[in-house]
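Engineer: The following block contains the structure, expressed as structure tokens.
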Amino acid sequence: MTHKKGGLVRLEDAEWHESSHGEKFGARFARLGGAAGGQELRTSLYEVEPGRRAFPHHAHHGIEEALYVLEGEGTLRLGDEEHPVGPGSYAAFPAGGLAHQLINTGETTLRYLAISAGTRADIVTYPDSGKVAAFAGDWDAMRFSHRGIYWDKDQPGYYDGEE
């Protein structure tokens, strides 16, 4: 439930979601920002099991993102570098900055807060796979007026299909 003037959500009352793909990707998460009535600051709690990651290596071009590790150990891929992270680690990812990905390289569940702020539209690039995604809409509710994922190499020309 979204409140126009803000509000409070307790973790025990949060709605949990799960996503997974193959052996590499999987997470359990609760979208806390929208549940508490947030409008532009999105915050989610993620739980990622050992050996997995929630997302592909990616960079946002329309929103700023950050993460704060609460429990567990992991490796943060930041551009071409890898950095160990653990409880108390905080990382910021400005819009248009380096691609990033958090991997649970520990032996217990990795719990972290993912925080993002920005517009209701974003372009996301995926350097490992060469994809580009375009989104417009409500991220917390996962309702999009536009959502498309494209191969970067197969781009049409600007005026293609306009005749």
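Engineer: Using Cα pairs closer than 8 Å and at least 6 residues apart in sequence, work out the relative contact order for the stretch 84-163, in percent.
Structural biologist: Computed value for the stretch 84-163: 17 percent relative contact order.
Engineer: With no solvent and one point per C-alpha, what does the Debye sum give as log10 I(q)/I(0) for the stretch 71-148 at q = 0.24 Å⁻¹?
Structural biologist: The Cα Debye sum returns log10 ratios of -1.18.
Engineer: Still on this structure: Compute the Rg/Rh shape ratio of the chain: radius of gyration over Kirkwood radius, all on alpha-carbon atoms.
Structural biologist: 0.99
Engineer: Here is a follow-up. Using a simple spin-label model with points 7 Å from Cα along the Cα→Cβ vector, what separation in nm is obtained for GLU40 and GLU71?
Structural biologist: 3.4 nm
Engineer: Which peptide among 36-47, 70-81 comes first, and what is the full order, when sorted by highest mean count of other Cβ atoms within 10 Å?
Structural biologist: Peptide ranking by packing, descending: 36-47, 70-81.
Engineer: With r as the distance between the Cβ atoms of GLU12 and ILE123 and R0 = 35 Å, compute the FRET efficiency 1/(1 + (r/R0)^6) and round to 0.05.
Structural biologist: The computed FRET efficiency comes out at 0.45.
Engineer: Which net charge results when you count Lys and Arg as +1 and Asp and Glu as -1 among the other residues whose beta-carbon is under 10 Å from that of GLY72?
Structural biologist: -4
Engineer: Now, a different point. Please give the length that would be gained between HIS83 and GLU49 if that part of the chain were fully extended, namely 0.36 nm times their separation in residues minus their C-alpha to C-alpha distance (nm, one decimal).
Structural biologist: 10.4 nm
Engineer: Kindly provide the helix-only [θ] at 222 nm of the chain, computed as the sum of -39,500 (n - 2.57) over DSSP H runs of four or more divided by all residues, to the nearest 500 deg cm²/dmol?
Structural biologist: -500 deg cm²/dmol
Engineer: Report the label-to-label distance for SER20 and PHE144 in nanometres (one decimal), using points 7 Å from each Cα along the Cα→Cβ vector.
Structural biologist: 2.3 nm
Engineer: On to the next question. Within the set of other residues whose C-beta is less than 15 Å from the C-beta of HIS83, count the net charge using Lys and Arg as +1 and Asp and Glu as -1. Don't jump to the answer; show the numbers that get you there.
Structural biologist: Working: positive: ARG53, ARG77; negative: GLU73, ASP80, GLU81, GLU82.
Counting the neighbours of HIS83, the net charge comes to -2.
Engineer: Here is a further query. Whole number please: convex hull volume per residue of the Cα set in the stretch 85-124, in Å³?
Structural biologist: 98 Å³
Engineer: Explain nothing, just the number: relative contact order of the chain, from Cα pairs under 8 Å at least 6 residues apart, as a whole percent.
Structural biologist: 21 percent
Engineer: If packing is taken as the average count of other Cβ atoms within 10 Å, what order do 49-61, 149-161 fall into, highest mean first?
Structural biologist: Highest-to-lowest ranking by the protection proxy: 49-61, 149-161.
Engineer: Of all DSSP beta bridges located in the chain, what percent are antiparallel, nearest 5?
Structural biologist: Working: 57 of 58 bridges.
DSSP beta bridges in the chain are roughly 100 percent antiparallel.
Engineer: Can you give the charge dipole size of the stretch 10-104 about its Cα centre, rounded to the nearest 20 debye, using +1 on the beta carbon of Lys and Arg and -1 on the beta carbon of Asp and Glu?
Structural biologist: 140 debye
None of the figures in this text is laboratory data; all of them are computed from the coordinates on show. Keep in mind that this is a model prediction, so the values were computed, not measured. Note that each Cβ is placed from the backbone with ideal geometry, even for glycine, and that neighbours are counted across all protein chains shown.
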